[in-house]
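The values are calculated or read from the model by the stated rules, or taken from the named source; none is laboratory data. None of these values were measured; they are calculated from a predicted model. Glycine also receives a Cβ, built like all others from the backbone with ideal geometry; neighbour counts cover every protein chain displayed.
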Amino acid sequence: MPAVKVDVWPSVLEDIQKAIGEQRYALWFRNLKPVAIEPEQVVLGAPNLFVRDWLECHFTEILKQTLARHFGRSPAIKFVIDPQLFRQARVAELAANAEIVEAVAPVQKKNAQPETGLLRPEFTLDRFIVGSGNKLAHACAMEIIESRSNRLHPLFIHSLSGLGKSHLMQAIYHEIRRRGDGRTAEYLSAESFTNQFLYALRAHRLDAFRARFRNADILLIDDVHFFSNKMGLQEELLHTMEAIDAESRQLVLASDVHPKMLARIKQGLTSRFAGGMVVRMTQPDFATRVAILKAKLQEQGRRLPEEVVKYIARGFEGSVRELTGATTMVLAYAGLTGAKIDVGLARQALSRLDPPPACRSGIEAVERAVARQYGVKVEDLRRRRQSRSTRLARQVCMCLARRCTPMSCREIAQHFGSANHSTVIFAVNRVESAMKSDRNLAELVSALQEQIRKGSGA
């Protein structure tokens, strides 16, 4: 079979640039070098290990598709470190423009303001409603604020989406800045950490980036599950943690799942996450939900009758976002219709939601009901590797979680320790398909669903 001509490569790059956009192309492909182009394999050179890993993880498929169009076949793709590109990168690093680096990753000044787009000024301690589900997390936050020790290092807070993790994380940051006691704090999401790292890398100067975050007295990183499958970023985070350890500083992390359930995260990181204080925030109980609604209404200068507040609090047991969203819907509906606000109007306003409020239970209630029915432990349902006896129970649990909670497939997958939402889709389809031919299973799932709806699964 004849070899493929190398001069086709510029056309390949042109198609990729159109597909992914100028900015991503400039960041990842401008310095990519074709080392060898053969009918069965294309070898591409990258300037360093991080770029190589990122290309391999994120762009292999689009390269295969583009090469197939030009070559008439889809060759294997191999990424290597090209020595010449590596040396060029080192030279460019020494000549990097200090002004650009300062703009990208400024050296931290005392109490320097991080990216304002990430921060919400209303996420303060006085607006954080403490209840049974978040009492321990709040106590840990207060310990960090009040004490200069790092005995809770690292503090790892985890919960389902919408239960107040980001509020509490930002409240720590705002309070440290408000007190002005000489300590510095940095708050950012894992995605922002990634973006800033990439820009600093592109400018060939990582010193300022590292100084900013490793020298903070308190570093708060939200949504650490975003680091899943990003090996280069995980390595950088690991070194950041080592630097913070060495200086006895404080790290606070937040995620949708327990450290041990983080998918595609290096064991060296997860063991460090779990080696400090791990705290779970659970869904607010009825009294806390009422308190949250009243606080939100007071902030807005609005009022609802007590019975309407309690009606909403009973119906929405999921996230705080949904709880406040339901309140907004009732107020908007009343404003549009001009009708008196009572339970009847609230029921009418919220009847458009699917599933109805009565069905929106928490995933913990689903797990307890299924575990009790199948005679297994809740922890067994969350394990990624199950015995045959627990596999069906886990799939039924995912199916009921999809039916009876407001969680998305992605959120359910993360809760059960899976990186891919297709796991949940597969489980739901398999259970629902089996129910068509297995009357006993259909009756069992129906009974469990009814229990959960009525709250008897709690």
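For segment 61-84, which residues satisfy the criterion of being of a type in the set (S, T, N, Q) and either within 15 Å of LYS33 (Cα to Cα) or outside any helix (DSSP H, G or I) (or both)?
The initial filter retains those residues of segment 61-84 that are of a type in the set (S, T, N, Q), namely 65-66, 74, 84.
If the condition is that a residue be of a type in the set (S, T, N, Q) and either within 15 Å of LYS33 (Cα to Cα) or outside any helix (DSSP H, G or I) (or both), then SER74, GLN84 are the ones that fit.
Figure legend. Inter-residue proximity from segment 1-18: first residues assigned by TED's automatic domain parsing to the domain that holds GLU61, second residues at pLDDT 85 or above and assigned to a helix (DSSP H, G or I), beta-carbon distance below 6 Å, spacing 6+ or different chains. Indicated pairs: VAL12/THR66; ASP15/THR66; ILE16/THR66. What's the total number of residues in segment 146-197 that are within 19 Å of the chain's Cα centre (by Cα) and not in a helix (DSSP H, G or I)? So the count comes out to 15.
Here is the figure for segment 251-293: residues that are part of a loop (DSSP other than H, G, I, E, B), among the polar types (S, T, N, Q) and surrounded by fewer than 21 Cβ atoms within 10 Å (Cβ to Cβ) total 1.
Restrict the check to segment 365-373 and report whether at least one residue is over 28 Å from the mean Cα position of the chain (by Cα) and exposed (fewer than 13 other Cβ atoms within 10 Å of the Cβ). Give the steps one after another, and end with the answer.
Initially, segment 365-373 is screened for residues over 28 Å from the mean Cα position of the chain (by Cα), giving 372-373.
Narrowing the set further to residues that are exposed (fewer than 13 other Cβ atoms within 10 Å of the Cβ) leaves none.
No, because not a single residue in segment 365-373 is over 28 Å from the mean Cα position of the chain (by Cα) and exposed (fewer than 13 other Cβ atoms within 10 Å of the Cβ).
Listed by first and then second residue, the pairs with beta-carbon distance under 6 Å, at least 6 apart or on different chains, first residue in segment 202-229 and under 10 Å from ALA190 (Cα atoms) and in the same structural domain as ALA190 (by TED's automatic domain parsing), second of a type in the set (Val, Ile, Thr) and at pLDDT 90 or above, are LEU220/VAL252. For segment 297-321, the tally of residues that are surrounded by fewer than 18 Cβ atoms within 10 Å (Cβ to Cβ), of a type outside the set (S, T, N, Q) and either assigned to a helix (DSSP H, G or I) or modelled with pLDDT of 90 or more (or both) stands at 8.
Condition first: closer than 27 Å to PHE316 by Cβ, surrounded by fewer than 19 Cβ atoms within 10 Å (Cβ to Cβ) and in contact with a His (Cβ under 9 Å, 6 or more places away or on another chain). Can you find one or more residues in segment 413-421 that meet it?
Pass one, segment 413-421, residues closer than 27 Å to PHE316 by Cβ: 413-418, 421.
Then drop every residue that is not surrounded by fewer than 19 Cβ atoms within 10 Å (Cβ to Cβ), which leaves 417, 421.
Still in the list and also in contact with a His (Cβ under 9 Å, 6 or more places away or on another chain): 417.
Yes; the residues of segment 413-421 include at least one that is closer than 27 Å to PHE316 by Cβ, surrounded by fewer than 19 Cβ atoms within 10 Å (Cβ to Cβ) and in contact with a His (Cβ under 9 Å, 6 or more places away or on another chain).
Filtering segment 134-184 down to residues that are at pLDDT 95 or above and of a type in the set (Gly, Ala, Ser), which residue is farthest from MET261 (Cα to Cα)? My answer is ALA171.
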